[in-house]
1. For residue A:22, go 7 angstrom from Cα along the Cα-to-Cβ vector, then report the distances to that same point in the other copies in nm, smallest first.
2. Across peptide C:132-141, what mean number of C-beta atoms from other chains lies inside 10 Å of a residue's C-beta?
3. Determine, from the Cβ-Cβ distance of residue C:233 and residue B:104 and an R0 of 35 Å, the FRET efficiency 1/(1 + (r/R0)^6), rounded to the nearest 0.05.
4. Could you list which residues have their amide H under 5 Å from that of residue A:37, counting only those 5 or more apart in sequence or on another chain, with H placed in the peptide plane?
5. Taking amide hydrogens as modeled 1.01 Å from N in the peptide plane, which residues meet the under 5 Å criterion relative to residue B:160, leaving out close sequence neighbours?
6. Give the cross-link partners of residue A:62 among the lysines, using a straight C-alpha distance below 19 Å as the criterion and excluding same-chain residues fewer than 8 apart.
7. Hey, rough spin-label estimate for residue B:84 and residue D:85, points 7 angstrom out along Cα→Cβ, what's it come to in nanometres?
8. Exactly which trypsin sites (Lys or Arg not before Pro) in segment C:1-37 are in a DSSP loop and have at most 14 other Cβ atoms within 10 Å?
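The numbers here are math on the coordinates, done by the rules we state, and not lab data. Model, not experiment: these values are computed from the prediction. All Cβ positions, glycine included, derive from the backbone under ideal geometry; neighbour counts span all protein chains shown.
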Number of protein chains: 4
Amino acid sequence: MLKIGPYECQSRLFLGTGKFSSLKVQAEAVEASGTDVLTFALRRVNLDHPEEPGFLERLNRKRFRFLPNTAGAKTAEEAVRLARLARASGLSDMVKVEVIGDEETLLPDPVGTLKATRQLVEEGFIVLPYTSDDPILARRLEEAGAHAVMPGASPIGSGQGILNPLNLKLIIRRAKVPVIVDAGIGSPADAARAMELGADGILLNTAVSGARDPVRMARAMKLAVEAGRLGYEAGRIPKKETASASSPAEGMVT
Amino acid sequence: MLKIGPYECQSRLFLGTGKFSSLKVQAEAVEASGTDVLTFALRRVNLDHPEEPGFLERLNRKRFRFLPNTAGAKTAEEAVRLARLARASGLSDMVKVEVIGDEETLLPDPVGTLKATRQLVEEGFIVLPYTSDDPILARRLEEAGAHAVMPGASPIGSGQGILNPLNLKLIIRRAKVPVIVDAGIGSPADAARAMELGADGILLNTAVSGARDPVRMARAMKLAVEAGRLGYEAGRIPKKETASASSPAEGMVT
Amino acid sequence: MLKIGPYECQSRLFLGTGKFSSLKVQAEAVEASGTDVLTFALRRVNLDHPEEPGFLERLNRKRFRFLPNTAGAKTAEEAVRLARLARASGLSDMVKVEVIGDEETLLPDPVGTLKATRQLVEEGFIVLPYTSDDPILARRLEEAGAHAVMPGASPIGSGQGILNPLNLKLIIRRAKVPVIVDAGIGSPADAARAMELGADGILLNTAVSGARDPVRMARAMKLAVEAGRLGYEAGRIPKKETASASSPAEGMVT
Amino acid sequence: MLKIGPYECQSRLFLGTGKFSSLKVQAEAVEASGTDVLTFALRRVNLDHPEEPGFLERLNRKRFRFLPNTAGAKTAEEAVRLARLARASGLSDMVKVEVIGDEETLLPDPVGTLKATRQLVEEGFIVLPYTSDDPILARRLEEAGAHAVMPGASPIGSGQGILNPLNLKLIIRRAKVPVIVDAGIGSPADAARAMELGADGILLNTAVSGARDPVRMARAMKLAVEAGRLGYEAGRIPKKETASASSPAEGMVT
């Protein structure tokens, strides 16, 4: 079972709730995904009245854990402020730190992310920073007290899948906290691949909400995450040039 | 549901039965895979006494369909002879044609494969040729009457996954018979990827039998094939450079 | 030096002459490429009067060797007929066999290509068949007497580069005749990569004629082919996960 | 021509001078590479007597520009100290900032690199930080006054080539200072690819010094960098599924 800080998650698939065509489709996709951790942008929530109109009131809060994110924040300070509001409103003390470095790519700002992580850890939050796939930065975030690290596979919403599996692998191998691959997953195969690399979980949103049939894709992702995890645990065969080759494939293909 | 000639398959995963460490592990992996089509080399079967020692007698033949292959054949003639023996012994009139061009790579011989396919179709077999990923050859095999085509993802037993997704996609898009991706699948993500490309099914063996935990990997593959198929049906998001990009990703990365 | 049948080539870059915006640009690109082997479609040549209007009369035939191709042929018979006309007209006894299996992709037909190669070899031509990257087919062509084999990197004119480096490597490693990578090269890096795999030469056309600045691209390709060949001869460093890793990179990135 | 701060470089290939088998091979490789910028680790130089034993005294300092690096530094402070010593000894006021986050991978520390860059810019150095391929960090370094940014293609000495071309492209497209791709280049094709992405230059060392024939590889790299640059300037053809396709290739291959 996946444990992040004090919290246990049954599913290794975290689902974002944005950009669905309707609350009905959203609810069905959430159900089909099997997730028990939902993420959403704090700026989309009326934090004065977090039970007010929107999707949250429709959710059984006993059943789902909330992982609000600080999307839209461009500085550590903005991210910290959003997180505090979320906790004060009773929404969650677990937060996904997003400090965006760039409006075009929505890639995370390394310095701001690290700063916000430090501050929120100090204030007692359960902190999951969204970060690039830089292995050293991931380590610095862990040293800063992050309860998990969330490296991106490729830019948010790009559907490009895992651009740099080596970096993810380096992060995973050396992290002592859970690694949740976040952003860029486009298809079930991408999700399975991330889990096969040893990721502890996946967070995705657009790949489901933007699919032609979001509910079916949600179910596909659920199965893909399970498949990838089982594949990781089962220990895959090595890649070789041919079955009869005694050495691995790499020497061959340049 | 997948239909090959007159036969219907519940599962889109065909499992090879070779190279398991024991009949017990084999049986459990077969079970975990959810397959209903089993493949095996005819040269491993005592065709005079097909019910004799080996794994076949252990199988509930009502439950599984057999897809014997002509592995070991180096000419069309050898492949045809093996297929005839299989049918004469009551084993199966469905056959996977394997005419190997090369002992080292076990890659299929295009000319011999086409010739054997023609001959066996003429003799009334249900014929599934194992072929390279050459789209023109796949078409020629279909024109010769093949009931499905089985392009390789990479060399048998190599675990390298899909080396040329474009060729598979071209084959899939233009085939009127089922396309079963055969050979080279190494991990659940590979299986999911093949299904996302639109393959009708997958045949694999080493990826399961050679895994550290074959039974768990068999289950992983079952889920991956389902995930990939659902993902294909659900219609994935396009790849873009970034979420805000209006054009696809390709122009970007050269 | 590259030797094909009785002919020696100074340059390892063969250039197609089609689709240039003007004869002037074509001539400058040919010059910049440093090639001494030019290829063109026989159907574009007036074989009754091969010296007539067109680009050929502009060329110093002492300086360039001609490698006419049978583009447009859909059967072995058509290809053979075109080759015979080319020789009868005094154009060349060296021919690139192209038997196209498909109008959409222009991928080669394996059976027709093999048949035409056999026939033309028997008739004393110097035969270079354009083929898929199927290693077994490449071997069959060599056994049929081909003086070189010309596997495609990706579909003609696609600019996708090398889709399956393993197949090219297998062909190169086992061929006793020169291997000229033909079709699909899009950029200098693609050309260098093919040469690093050990190819004896490259044939390209669209990558130069379709570039924004064809003459500059021709020069780029000349340098890239030289760079790739030198890199092949110089013996590249192995890929490793990190500099300190004792094992190759492959085990790492799945 | 490439200009970094006040300095002009004739060649776009910067060569590291470490790990050659002999000073003779080193000198010949430097010559063959055509470089006019040499890089080396300051900790390898006797900074009290920079003219003393080693390779520097063999070099015509009129001909080569020196780009000493702070390899070995684990903190910004160490890097700054090394740079100051280099300048004080008259070696160079141009410095490649390396603050290593990790002994195993030698990947750069983002926070330390940024800090050292800020400090050295303030002290009037010409500063070229070695950084990850994180586009936001590259921008932060530029904002801090870096005169060029040097993103890694893959880990130092790994020879893995460009792991994430999208990130490099994003950095290149948005930088107003030169982008020199540093670390991980393994072969001429890798170098050409980086230049085709629009990099202003390449820094490499192991790919040459570790080759079987370093001098020949140095020449290969020289040609590859020229080829890649020309290819970039010449404007390559788009990637398409097939020549007849009207849309780019990406939609096709998932």
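1. Relative to the other copies, residue A:22 has label-point distances of 5.5, 6.1, 8.0 nm.
2. Details: counts 8, 6, 10, 7, 13, 9, 0, 4, 5, 0.
Averaged over the peptide's residues, the number is 6.
3. FRET efficiency, residue C:233 to residue B:104: 0.85.
4. A:15, A:65
5. Residues meeting the amide H criterion: A:240.
6. Leaving aside lysines fewer than 8 places away in the same chain, those within reach of residue A:62 are A:3.
7. 8.4 nm
8. Working: sites: C:3, C:12, C:19, C:24; in loops: C:12, C:19.
Qualifying residues, ordered by number: C:19.
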